[in-house]
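Step one of this worksheet: look at the structure below.
The values are calculated or read from the model by the stated rules, or taken from the named source; none is laboratory data. Quantities reported herein were computed from a predicted structural model and do not represent experimental measurements. Here the Cβ positions follow ideal geometry from the backbone for every residue, glycine too, while neighbour counts run over all protein chains shown. Side chains are part of the model used for accessible areas, which takes the heavy atoms of the whole protein and leaves out ligands, DNA and RNA. Shrake-Rupley method; radii C 1.70, N 1.55, O 1.52, S 1.80 Å.
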Amino acid sequence: MNIFESTRDKSLNTTASMAILNGLAEDGGLYMMNNLKEKQIDLNALLHQDYYGIAKVVLGTLLDDYTAEEIHDCVHGAYEHKFASDDITPLVKVKDDFILELFHGPTAAFKDIALSILPHFITTSLKKHHIEEEILILTATSGDTGKAALEGFKDVKGTQIIVFYPKNGVSAVQEAQMLTTTGSNVRVVGVEGNFDDTQNGVKAIFTNQEFDGLLKQSKTQFSSANSINIGRLTPQIVYYFKAYLDCVNRGEITMGEPMNFIVPTGNFGNILAGYFAKCVGLPIAQLVCASNENNVLTDFISTGIYDKNREFKKTTSPSMDILISSNLERLLYLLSEGNCDEVASYMKDLKEKGKYQVSDDLLKRLQADFYGGCLDSQEVAKVIKDVYEETHYLMDTHTAVAYGVAMKFKTAKINNYKNVILSTASPFKFTHSVYAAIHEECDTDEFVLMKRLSDETAVEIPENLRDLDLKGILHSDVIDKSEMSQYVRHCLEVKE
Ligand SMILES: *Cc1c(COP(=O)(O)O)cnc(C)c1O
């Protein structure tokens, strides 16, 4: 059975299904499989499988205390009839590159892929372990996780969910998506602060022992829908395999030929799933980490110094406006060969000084697998306009960050392998910025623009974004960032 241990302390370990239920290890570390590289997935056996088949093999290999039947039910329950494409994650060729479209799920962003299946993992785990307690999902969102988690968990028996989002840090469409969510077990709360504040607030609640008594009384356990939950990351490994095998099946590459993957990055979850894919045998040459003006990661990859002491910038790719990329901790664990003391000391520095520097040895290993680049909002707008005018492919701002960095990566001539660019959101999720990129000026009402953009480009608005402005607002709580734990306490008290 695979063992999942805290990145900061090997003695805190458990199985996959319990790690998913717990969300975060007791010491604030993240759960990581301690023998990932020993698990090798046979690509040839997956060659003619569809998304479901690939998912069952990948998830079954890593989350191995679920039975094959349980994994089968989770995979089909999550994806069947819920995605606008039978392929789940279609691969589109644009000029010489491949764009992996991850946004055809219920909320039009890539987080749907993991958050459609996470509730199934959690309820299966509750059943499996005969746990009677209710699960309270605490989620911090920079905009897209929130809605995807709400859609995944709404009306799921045995669960409640609270989503905290930065009140002035998400797009109008993202906010409308969240505030119109139905379901008797959901709460959506605006926080006066930025994403890092909400994420820190949630992490602090998780490790605050003062909640222990109240949780017991109200027969509740906390869990997380953020990518700190290993159940969020593992489903994302699947589409790296799918994209690669699509290229083999279409004759674009030969089996075994390496490819590069360019990933628009915020919390480092998506790109880390790519690294997991590489660890378990997918021929990936470079993982290219694409950042916006909040380019902490670009600097980290080039210098080995992670320094979040800098101005937080609001960009046109808000889902990547993050200065503390939580999942980097898992990469440090893997690159240090599971040296928990080393990871714990970096995390201590981060907490105390907002900064840490990795050893030369670790930096060398980091640079062998990763390349970092960034784009500012002006460059992003130019990418959207140029690619649209040249090819009629319409992309959102986050995808454009990756596309632009891919072009810089190609210019740097690191290798000559083919490139897959991950597309993380529908352009209609960020209509205002996308429209403004193509035309110099634009109206302020995002919903009017959505229709106009669709008419002009002949690209259809995803079903779930249509008529969003006509739905009723169902949530109105707004709190200060210092009030998050009080808010959760109140929710638990009401339950008793
Ligand atoms: C969350 C998100 C990202 C960043 O992904 P991470 O896993 O946090 O690195 C990029 N683009 C979009 C549209 C997102 O919603």
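In units of the rule-of-thumb radius 2.2 N^0.38 Å, the range 70-170 shows an alpha carbon radius of gyration of 1.22. For the range 237-357, the Stokes-Einstein estimate of translational diffusion at 10 °C and a viscosity of 1.306 mPa s comes to 101 µm²/s, using the Kirkwood hydrodynamic radius over alpha-carbon pairs.
With a/c under 1.5 counting as rounded, go ahead and sort the range 296-336 into rounded, prolate or oblate using the C-alpha gyration tensor (a ≥ b ≥ c being the square roots of the eigenvalues; past the cut-off, prolate if a/b is larger than b/c, else oblate). Don't jump to the answer; show the numbers that get you there.
Details: a/c = 2.53, a/b = 1.70, b/c = 1.49.
Cα axes put the range 296-336 in the prolate bin.
This model, with +1 at the C-beta of Lys and Arg and -1 at the C-beta of Asp and Glu, gives the range 174-294 a dipole about its Cα centre of some 480 debye.
How much length is gained if the chain between Ala204 and Lys39 is pulled fully straight, taking 0.36 nm per residue apart and subtracting their Cα-Cα distance, in nm to one decimal?
Numbers: separation 165, 0.36 × 165 = 59.40 nm, distance 3.34 nm.
Computed gain between Ala204 and Lys39 is 56.1 nm.
Considering the range 118-228 at the alpha-carbon level, its Rg and Dmax are found to be 13.9, 42 Å. Counting charges near Ile113 (Lys, Arg +1; Asp, Glu -1) among other residues having Cβ under 14 Å from its Cβ returns a value of -1.
Could you give the size of the charge dipole of the range 21-96 about its Cα centre, using +1 on the Cβ of each K and R and -1 on the Cβ of each D and E, expressed in debye and rounded to the nearest 20? Working shown, then result.
Numbers: 6 positive and 14 negative charges, 84 e Å.
It works out to roughly 400 debye.
Put one equal scatterer on each alpha carbon of the range 12-130, apply the Debye formula with no solvent term, and list log10 I(q)/I(0) at q = 0.12, 0.15 1/Å to two decimals. For the range 12-130, the Cα-only Debye profile gives -0.53, -0.80.
Just to confirm a number: summing +1 for Lys and Arg and -1 for Asp and Glu over residues other than Glu483 whose beta-carbon lies under 12 angstrom from that of Glu483, what do you get?
Working: positive: Lys481, Arg489; negative: Glu192, Asp197, Asp477, Asp480.
Around Glu483, the charge tally is -2.
Stretching the chain fully between Glu69 and Lys93 yields a gain of 5.1 nm (0.36 nm per residue, less the alpha carbon separation).
Residue pairs exceeding 22 angstrom between C-alpha atoms, taken from Lys157/Lys216; Lys167/Lys219; Lys314/Lys418: Lys167/Lys219; Lys314/Lys418. When the residues Asp299, Asp246, Asp73, Asp360 are ordered by accessible surface, computed with a 1.4 Å probe over the protein chains alone, the sequence from largest down reads Asp360, Asp73, Asp299, Asp246.
On a 1.4 Å probe surface of the protein chains, which of Lys278, Lys93 comes out largest in accessible area, and what is the full order?
Numbers: Lys278 55, Lys93 100 Å².
Order by accessible area, largest first: Lys93, Lys278.
Taking the Cα centre of the range 44-153 as origin and assigning +1 to Lys and Arg Cβ atoms and -1 to Asp and Glu Cβ atoms, the resulting dipole is close to 220 debye.
Mind running the shape call on the range 396-472? Use the C-alpha gyration tensor, a ≥ b ≥ c as the square roots of the eigenvalues: rounded below 1.5 for a/c, prolate if a/b tops b/c, oblate otherwise. Could the numbers behind the result be given before it?
Numbers: a/c = 3.19, a/b = 2.21, b/c = 1.44.
Verdict is prolate for the range 396-472.
Coordinate range of the alpha-carbon atoms in the range 333-447 per principal axis, descending: 53, 37, 19 Å.
Only alpha carbons enter this Debye calculation for the range 324-387, each as an equal point scatterer, and the log10 of I(q)/I(0) it gives at q = 0.16, 0.22, 0.24, 0.30 Å⁻¹ is -0.64, -0.91, -1.02, -1.35. Within the range 422-487, the GluC sites (Glu not before Pro) that combine a DSSP coil assignment with at most 12 other C-beta atoms in a 10 angstrom radius are Glu440, Glu441, Glu460.
Checking the a/c ratio against 1.5 first, then a/b against b/c, what shape does the Cα gyration tensor give for the chain? It is rounded, given that a/c, with a ≥ b ≥ c, falls under 1.5.
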